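Below: the structure, in structure tokens.
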Amino acid sequence: MRAAIYARVSTKHQAEKEISLEDQTQKCRELALQLGAEEIVEFVDDGYSGADPNRPALQRLLFEVSKGNFDLVVCYDVDRWARDLADQLVFTEEIERNGARLEFVTTKRGTSPEDELFFQIKGAFAQYERAKIRQRSQIGKYGKARKGKMVTCSRPPYGYRYNMNPDDPQFHIFEPEAEVVRLIYRLVVREGMGSVRIAEYLREKGIPSPACKPRWYPTTITRLVRNTVYAGTFFNLKYRVVEEEGKKKEKLRPREEWVEISVPPIVSRELWEQAQKRLDENWRTTRKKWSKHQGHLLVGRIFCGLCGAAYTASTANSGHGYYRCYRKVRFKDCGNIYLRGSDAARGKGVDSIVWELVSQWIRDPHLLEAEFVRRQQENENERLCRQLAEELNLKQKVLSNLATQKDELLDLRLEGLLSPEELRKRIAAVERKKKILEEEIKTLGARITSLRTDATLDTTFEDYCALIASNLDKLTLEEKRKILDWIGLKVIVYPEQLVINLPVPMTCEGNKFETVLTVTANL
């Protein structure tokens, strides 16, 4: 008889406090020998929770049993086997379905309904005990925090290091990074520099960011200056870990749940407060500057064609408005031009050029429809439609094959040729491919429909244009912006031309789709 023994502990502390791995394996070995085992193989999970169904040693054990390599499986206790009742029953069924016996040192299993009920009750108690452990752990964290101790922190703020002592966790100042923090506060308070200028300054000096990258971002500087930890105040239990879509994420707790403790300060409280005032003042100044740019129509809708960065608005001393590439202004690494936004004696600005085109389209939206048909007729529609139809047919066949693959995987699992974990992985991969294919098929269908020259404007778009056409000359700047937002217009600037992308809603045989018409204008 070949026997496998399974042992598990969650932490070293649990191994010291409760039964150790050595004790578990020894007791399991003794029971296996009593039951007639001639060969024994150990499977041990050290540092894994009983609530985790994907424990590596357990999954290897289940796989080996599925191949018929073991006749007997011995575990010390039900709570070592699984902390969740459903997992416990699934794993047990997997063992017994493949012709092996499952036995526990602390619990004698029988074949009667009463024995099975007792086994399930003990599993339910293991699940209850796990919930109790979690609750006690949470209470312990709050008690520790309220006594002024730091709850274990694996990711300390920039400028600190964690001593990794679970009994007396503390932050220690890490001087190389702390000097950078002090420099940032001095630049804010004494030099009056803003976040953008400080980020550029640190990059020029070759000081690596908290992510060990050469570039600093203004948001990183702002978060660092706003953080109270540098003035000596750290908040325990500020975040909680939640599981969403199979991934663990940190989320901010309500403010009343935070627990304040003291840590070694890097800057004085006075300097920290001065930095907050300076940041607030910088923000108010920035708001005033932006208020001067309220005359710019295309803010947020105009982009550089060379580097992809947004164009920022500015106003010259003469009062004329301009658009400038953000990367050209900040990093000097873009060769695009400054663009005049408002009209001047030399000619019209980009705001007027774009709005005149939009006004023409709104007054007569059938111009867009005619342009759409003209471009469709110029293209080799029939040839392109055939190619797209062939591609669509091929993708539909692949989608059908994926459904067949899924059925085949389930058959392999029923035959015991796949472990539960391997089945889950393969099914997930098939589902991902299926989702991607469905999106591609949908896109291809819409594209084939859009190539039809008998498509017409969506009546909703036509009605909206008719509604606002009579008031175009009376619209305020804010109302014009709302129209551009509704249309979804986007302007891309190249050194010698302006490219305007306009999404146009169309309909064909009751199916709605959106096509983007592109219009160019010389600069």
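The numbers here are math on the coordinates, done by the rules we state, and not lab data. Note that this is a predicted model, so its numbers are computed, not measured. Backbone-built Cβ (ideal geometry, glycine too); neighbour counts: all protein chains shown.
Distance between the 7 Å Cα→Cβ label points at T459 and Q274: 6.9 nm.
Here the label points at H366 and A310, each 7 Å from Cα along the C-beta direction, are separated by 3.9 nm in the simple model. A Förster distance of 30 Å, applied to the separation of the beta-carbon atoms of L388 and R432, puts the FRET efficiency at 0.80.
In this label model, T219 and V499 are separated by 2.7 nm, measuring between points 7 Å along each Cα→Cβ vector.
Placing R0 at 51 angstrom, the Cβ-Cβ distance between D485 and K397 gives a FRET efficiency of 0.75 after rounding to 0.05.
Can you tell me the FRET efficiency between D411 and Q26 if r is taken as the Cβ-Cβ distance and R0 is 56 Å, rounded to the nearest 0.05? Efficiency at R0 = 56 Å is approximately 0.85.
Here is the link list: K249/K434; K277/K474; K213/K249. Which ones come out longer than 31 Å on Cα distance? List each step's numbers first, then the result.
Numbers: K249/K434 27 Å; K277/K474 43 Å; K213/K249 24 Å.
The answer is K277/K474.
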